[in-house]
Structure formats: C-alpha cells, structure tokens
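The structure under discussion appears below in the form of structure tokens.
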Amino acid sequence: MEKPQRLQIIYETAAAMITRTPGAWAQYLRFAAWLHKYPFNNTLLAYAQAPDASLLATEEVWQRLGRQPIPHAKRIAVCEYGSTGETLKFLFDVTQTAGSALPTIWSVEKDMRHRLADELLKTYNIVGSSLHLAITHLLYTTANQDFESMMRDFELDTGSHFFAELPKEGLYREIREVAEAGARILVSARCGMEMQDVDMQAIATVPHFDTVPLVIRLGNITTSLAKTALRTIEDTVRKIDRQLRNPQ
C-alpha cells in the first residue's frame, strides 16, 4: 500500500476516535495547542503517529535552527497542499533532534496571566484579570466575524446524518458553541492553564460529530478560531515582555 493511502487510513481512523468522547476530544485539543500553526488535517495526522510530540518541524527548518535529526529519528508524515496537488512532507519532533539550544517559544507564566488578561480585556472595555474570560471574549468576537463563512457548504457534510433533519438555526448555534468551547480548551492549554468545567460541559455533544466530514468541519472551525486568538495573544505577550524589559 502506498504512503498516501496509508495516511488516509490513519487519518480516517484517528478522526473516528477523537470525537468518540468529550475527554478524547479535549485530549486531542491539548495536544494541538502546541501545533496550532499547522492545519487541522496535519495536526491530526501528527497526533495519530506521535501523540507525545510537542514541537514539530521539517529537517530543513531544524537545520536552519542549528539542529539535526538524530540517527534513526522517527519521521511523522503529513500532507502538503499546493498548486501541483498533494505531496508528502516529513516532520521531526524536537526530541528526535540534537544540536544548538532549542528555539525560544513564547509562553504565559503564571505571574503574567493577570496582566495578559487585563491587556486583552481592555479591547472589550471590561475590567478584570481572568484570562479565561479574556480568551472567551476573544474567541466569541472571532466567531462573530468568521463563523458563517466557516459553515459554507455545510449541507455537503451532513448527507443522511441526523444533523440534516435539525433546524438550521439551532444546529448552527450548537456547532458554534462546541467549536468555541474546543478553541477555549486549546488556547487555554497553550497558555499553560487547566481545563475549565464549563468548557468540558460545552463539548458534551461532540460524540454527535461521528463521521469524517463532520469531524473535519469541527476540527477546521475550532483550529481556525484558536489560531486567530493565539496570534493576538502571542502579540500581546511579546508586547508585555518588551515593556518589562524596557520599563519607562
């Protein structure tokens, strides 16, 4: 069996597993928190092949950073899409490399969370220091802007699924709630926070996403929401770091 066919089997098997329970979905999301710049399909493939991976890059990228894959390093196969179609790409986890010091990755230390929350909440004219509240508002605003376009051609995903029989307004509201809650879990994990009970309760219906097209749709929406929010958070973290290094 050729590699692309094997990857397709891995992908479809993993897609069927990650929404089987809310806990399984949350576990995947916390893994994806560290690979949020990759598209959902590649993150899922990475999760299926190396669920303990934390920092992935191609051999070429590692070389630019002064590191090399170790002998017999485990390769993680993903797909890259371009004008010439689908091609295979191989990633290596940082644990499978050696060389120069690891690249610096932004983080949210515990003593920074209040300040980060304050900076983010200023955007909404809200006074507070809850980072979870700030993440919630950030994702809600992003969903308000992008959710409708993210649901384009959704009827093609439902087929004979019972979703097709539900009122559109209520169904879309439920999908958005699950996606936003999933994005909160992902973003919170990237910020070093524990999962909130309210978010786990909001993804209780994730087992209803029990076909590959529905998992892909939910995964793409959740990933897109989280990626947009994390860009804002990363920019804000770096701004705070600069202010702390160069106080006026």
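Readers should treat all values here as calculations from the given coordinates under stated rules, not as data from a laboratory. Being a predicted model, the structure only gives us computed values, none of them experimental. We place every Cβ from the backbone using ideal geometry, glycine too, and count neighbours over all the protein chains shown.
What the table below lists for this structure:
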| read-out | value |
| --- | --- |
| Residue order, fewest to most beta carbons within 10 Å, for Val108, Val206 | Val108, Val206 |
| Length-normalised contact order for the chain - Cα pairs under 8 Å, 6+ apart - percent | 25 |
| Positive-end residue, the stretch 105-247 charge dipole about Cα centroid, Cβ charges, pick of Gly128, Phe147, Val237 | Val237 |
| Relative contact order (%) - the stretch 151-248, alpha-carbon pairs under 8 angstrom, separation at least six | 30 |
| Translational diffusion coefficient (Stokes-Einstein; Kirkwood radius from C-alpha pairs) of the chain at 37 °C, 0.692 mPa s, in µm²/s | 169 |
| Pair Lys239, Leu156: separation of 7 Å Cα→Cβ label points (nm) | 3.8 |
| Check: the chain dipole with +1 on Lys, Arg Cβ and -1 on Asp, Glu Cβ, in debye | 860 |
| R0 of 25 Å, Cβ-Cβ distance Asp52-Val212: FRET efficiency to nearest 0.05 | 0.55 |
| Those lysines that a straight Cα-Cα span of less than 28 Å connects to Lys74, excepting residues fewer than 8 apart in one chain | Lys3, Lys37, Lys89, Lys227 |
| Distance between modelled label sites at Arg20 and Glu169, nm, 7 Å Cα→Cβ extension | 3.8 |
| Exposure proxy order (Cβ contacts within 10 Å, fewest to most) of Phe31, Phe162, Phe147 | Phe162, Phe147, Phe31 |
| GluC sites (Glu not before Pro) lying in DSSP loop within the stretch 42-95, provided at most 12 other Cβ fall within 10 Å | none |
| Contour excess over end-to-end distance, with Cα ends at Asn144 and Gln68 and 0.36 nm allotted per residue | 23.1 nm |
